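Some notes on the structure that comes next.
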Amino acid sequence: MRRLPLLLLAVGAVIPLLVRSEYVIGTLTLIYFFAFVGQGWNILGGYAGQFSFGHALFFGIGAYTSSLLFVKAGLTPWVGMWCGAALAVLAGLLTGHLSFRFGLRGAYFALIMLAFAEIFRVAATNLDWVGGSFGILVPLRGHAPALFQFGDKRYFYYIILLMLAGATYGVRRLESSKLGYQMAAIRENESAAEGLGVNAYRVKLTAMALSAGLTARGGSFYAQYFSYVDPAIGFGPTNSIEILLRPIIGGAGTVWGPLLGSFLLGGLGEGTRGLVKSYAGVHLMIYGVILMAAVVFLPHGVMGWLRRRGVRG
Amino acid sequence: MSASVVLSSLANGVMLGGLYALVALGLTLIFGVMKIINFAHGALMMWAMYASFWLAKLGGVDPYLSLAVTLPVGFAAGYAIQRAVITPVLEAPEHNQLLMTLGLALFLENLALLAFKADPRTLLVSYSQASVSLGPILLSLPRLLAFAGALAVTLLLFLFLKFTDLGKALRAAAEERDGAALVGIPVRRVYAVAFGIGTACVTAAGAMAVPFFYVSPEVGNTLVITAFVVVVLGGMGSFAGALAGGLLVGVVESLGGLFVHGSLAQIGIFALFILVLLFKPSGLLGAPSA
Amino acid sequence: MAALEVRGVSKHFGGLRALSGIDLRLGDAEILGLIGPNGAGKTTLFSVISGFLRPDAGSVHLDGRELLGLRPHQICRLGLARTFQIVQPFPHLSVVDNVMIGAFNRRSDGRRARQQALDVLARTGLGPVADRPAHVLPIGLRKRLELARALATEPRILLLDEVMAGLNPAEVEATVAIIRAIRASGIAILVIEHVMAAVMGLSDRIAVLHHGELIAEGSPAEVARDPKVVAAYLGEPFLAA
């Protein structure tokens, strides 16, 4: 099992050499992408136990920052992505400071994050400078690797594969570190953790920063991949839900939960898209049912179910 | 800007606030009794709106009269949802309860999208544009009716909880679940009744909104977020708070619309929401926070 | 200088006076038993000392350093750890992981924290259940885990809140032996306990709280003879102990 990450990475790297289908590559790219942003949510929601219903806030900041810097200042999204991550970390520290200083927990924390994201959505809708309700089209420059634009979608595939591998490796390291243990302690019982020397405020804030930065980079990738972002795609509540869905289904607070959840939902989404092609939203309807079923039958996600059956990972 | 414009806007804000209060009443009732935040509340309202809309459009039934059908159906739906969806997570961690209602909301909303398509629809009834003048103030008739409906429902709920046996059982179950069960109150059935009533409230809100509010699969999404704001402002679980919070939000939105462009007034509401969550999570009218 | 010095601590909740003007001193490597009928204010005093509650008046010093105003994690860092009367394990973490959280109080390296946790588990007899999730332990072992976690923070002072309540006589005996061994390693201990025989045999001194006031303090023999104490316990199985 210890070699599993490298094995997966190798398999992932080989797939485009064997499979030519753009459809397969595109589907896998999105599966990796959702696993990546899910991993971002997982750090705060899964490990530290702070359920955010507004992670679109960070996603949107990432997508808007890299796109705006490119459109307005010609800055390559390779750099813009990190600017977006930095801004998202700042936003995370600010929202986190307010929420945690005032002791918001559980549903109240979920709701305040939703409200922060909504403020950004409404603001983005109303500010013409950032494209208003129409959003931002990233101007296409053909095959321009230096500008994060590619003539072949397989480049995006490899980029998100590497980003995901990095995030998975990082979370694996985090899990067995002091910070990871302290995050788990806060999730399980915050006051007991404080009594054992855990600075809950600082640990939660750190989790928020890591989570925000990762999610924002996912947002930048999305904007480059689709060359487009608008207020609802970026900051909307549906996006917040999409972000948390996969780690929850796969197993929140586990390294492989987001990837597993993303594969399950991704496979399913593609399957149903074939069945009911013309209807938008069908996949979300099914996700709703899956979410309800998971809460009842798999309260710790698929990973929790596997662990109960003795699978370690 | 003349004083009468401001006054009319203020008055219409109060009326709109009545609608918000009605949406929030069901939410706050369910929270007060079960400590569950029902994310599907807006989706249920959206379905109620479609029900009244189609009854009017296809059956020629006036939206207010459609309540005779939709209210019992709404109650039954709420009762069934509680039994089938909420009961299994009553003992689950809070976040799993949230996810459960979130899943339900996703399902209901996208089912509507599948059934009715995304386009917003508006119902034109003879009195959609009717207004009542009160001195210099011009009041929209449907909004006035929604406001009156909100007051009536609040009063009815209050009387129900205070004076009927079922209402008393509900309050007992809200305060002390195990204690209520010990003295023989069928807590699960009482909970289902609470969810049924909460859904009936939002059904009423749906019918009363249809004459002046667009219908779309996403409308519930917008309204439920506003309803969260209202409930938190008024104090989770408080009826009087829901009414006051609804009025406040309605007025802020209506007056804000006069001064700032587009939906920017919503930012003020969300900011207010955040401030209340931070500084007085028990709500503006709630007990002082510890 | 006393390791822990509580001076004039008062705390009320609404109209209820939970603590009034409590003075207590805990010497180096001393075991001080804190007893009193239910509702006497014992756990409230623990919560004040460990930073979970702010008193209305008074001061708490650890090695001459004021603790009031510090957060619980800062107090733990300074060398004071507590257990909770109602056990508060991290339910889904394994026993050894539970103890590692405490061990991280003094070190950052995961491997060292694990080693420290395993040492503590061996000292407290929890070695055999190290890999079990905490929530499956029976109450006796959960109480032991509470103690092990606090010990792993390497405190100078340990506050134990009823770590023997609900245990069978054999378990009580084992816990008494563990507490003695902890004291022998130089740690001062303040114990709240309802198991009278155990606390009387274990403590160097006993302090008695009643209705938020300190009504007696002295050696176990002195306290047992004190008429005020006997009166306070009237109707409770104190004399039988």
- prompt: Which of these, A:ALA115, A:ALA223, A:ALA35, has the largest mean-square fluctuation under a Gaussian network model of chain A (Cα springs below 10 Å)?
  reply: A:ALA115
query: How would you order B:91-97, C:127-133, B:130-136 from highest to lowest mean count of nearby Cβ atoms within 10 Å?
result: B:91-97, C:127-133, B:130-136
- request: Could you tell me what percent of the DSSP beta bridges with both partners in the protein assembly as shown are antiparallel, to the nearest 5?
  value: 65 percent
message: Using just the Cα positions, wrap the protein assembly as shown in a convex hull and report its mean projected area in square nanometres, one decimal place.
response: 40.2 nm²
- request: Excluding residues on the same chain fewer than 8 positions from B:LYS168, give the aspartates and glutamates whose Cα lies under 17 Å from its Cα.
  value: B:GLU176, B:ASP178
- request: Compute for chains C and A the buried accessible surface, both sides summed, probe 1.4 Å, and express it in Å² to the nearest 100.
  value: 1900 Å²
- prompt: For chain C, what is the relative contact order in percent, using Cα pairs closer than 8 Å and at least 6 residues apart in sequence?
  reply: 26 percent
query: Over chain C, one equal point on each Cα, no solvent: what is log10 I(q)/I(0) by the Debye formula at q = 0.08, 0.11, 0.18 Å⁻¹?
result: -0.29, -0.55, -1.42
- line: For chain A, dividing by residue count, accessible area per residue (probe 1.4 Å) in Å² works out to 39 Å²
Mean residue ellipticity (222 nm) of chain A, computed from DSSP H runs ≥ 4 via -39,500 (n - 2.57), nearest 500: -24000 deg cm²/dmol
field: Qualifying lysines (Cα of each under 21 Å from Cα of B:LYS57; at least 8 residues distant if same chain)
entry: B:LYS117
query: Roughly to the nearest percent, how much of the accessible area of region A:4-237 is carbon and sulfur, given a 1.4 Å probe?
result: 69 percent
task: Bin width 10 Å, alpha-carbon pairs only: give the P(r) of chain A as whole percents, running from 0 to the bin holding the largest distance.
output: 6, 27, 36, 24, 7, 1
- request: Rounded to the nearest 0.05, what FRET efficiency do C:ARG132 and B:LEU182 give with R0 = 35 Å and r taken as the Cβ-Cβ distance? Could you check?
  value: 0.55
statement: When A and B pair up, the total accessible heavy-atom area removed from solvent (1.4 Å probe), in Å² to nearest 100, is 3600 Å²
- request: Between beta-carbons, use under 15 Å as the cut-off and find the net charge around C:ASP161, counting Lys and Arg +1, Asp and Glu -1.
  value: +3
query: What net charge is computed for the residues neighbouring A:ARG187, neighbours being all others with C-beta under 14 Å from the C-beta of A:ARG187, Lys and Arg scored +1, Asp and Glu -1?
result: -4
Check: the protein assembly as shown dipole with +1 on Lys, Arg Cβ and -1 on Asp, Glu Cβ, in debye: 1580 debye
query: For chain C, what % of the accessible area comes from carbon and sulfur atoms, probe 1.4 Å?
result: 53 percent
message: At 1.4 Å probe size, with the rest of the protein present, what percent of the exposed accessible area of region B:48-129 is carbon and sulfur atoms?
response: 68 percent
- request: Answer rounded, prolate or oblate for region B:90-171, using the Cα gyration tensor with square roots of eigenvalues a ≥ b ≥ c: rounded when a/c is under 1.5, else prolate when a/b is larger than b/c, else oblate.
  value: oblate
message: I need the per residue convex hull volume for chain B, using only the alpha carbons, in cubic angstrom as a whole number.
response: 138 Å³
field: Solvent-accessible area per residue, Å², over chain B with all protein chains present [probe radius 1.4 Å]
entry: 40 Å²
- request: Work through the residues other than B:PHE53 whose Cβ is under 15 Å from its Cβ and net out their charges, Lys, Arg +1 and Asp, Glu -1.
  value: 0
- request: Quick one: which residues, 5 or more positions from C:HIS210 or on another chain, have an amide H under 5 Å from its amide H? H modelled 1.01 Å from N in the peptide plane, none for Pro or chain starts.
  value: C:ILE215
- prompt: Over region C:114-241, what relative contact order in percent results from Cα pairs under 8 Å that are six or more residues apart?
  reply: 16 percent
Straight-distance crosslink candidates among lysines, where the alpha carbon sits under 18 Å from A:LYS72 and sequence neighbours closer than 8 are dropped: none
message: Would any residue of region A:216-233 have its amide N under 17 Å from a label point 7 Å out along Cα→Cβ of A:LYS72? List them or say none.
response: A:220, A:229-231
message: Among A:PHE102, A:GLY54, A:ILE25, which residue has its Cα furthest toward the positive end of the charge dipole of chain A, with +1 on Lys/Arg Cβ and -1 on Asp/Glu Cβ?
response: A:ILE25
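The values are calculated or read from the model by the stated rules, or taken from the named source; none is laboratory data. What you see is a predicted model, and the numbers here were worked out from it, not measured in a lab. Positions of Cβ are backbone-derived with ideal geometry, glycine not excepted, and every protein chain shown enters the neighbour counts. Quick note on the areas: whole protein, heavy atoms, side chains included, nothing else; ligands and nucleic acids left out. Shrake-Rupley method; radii C 1.70, N 1.55, O 1.52, S 1.80 Å.
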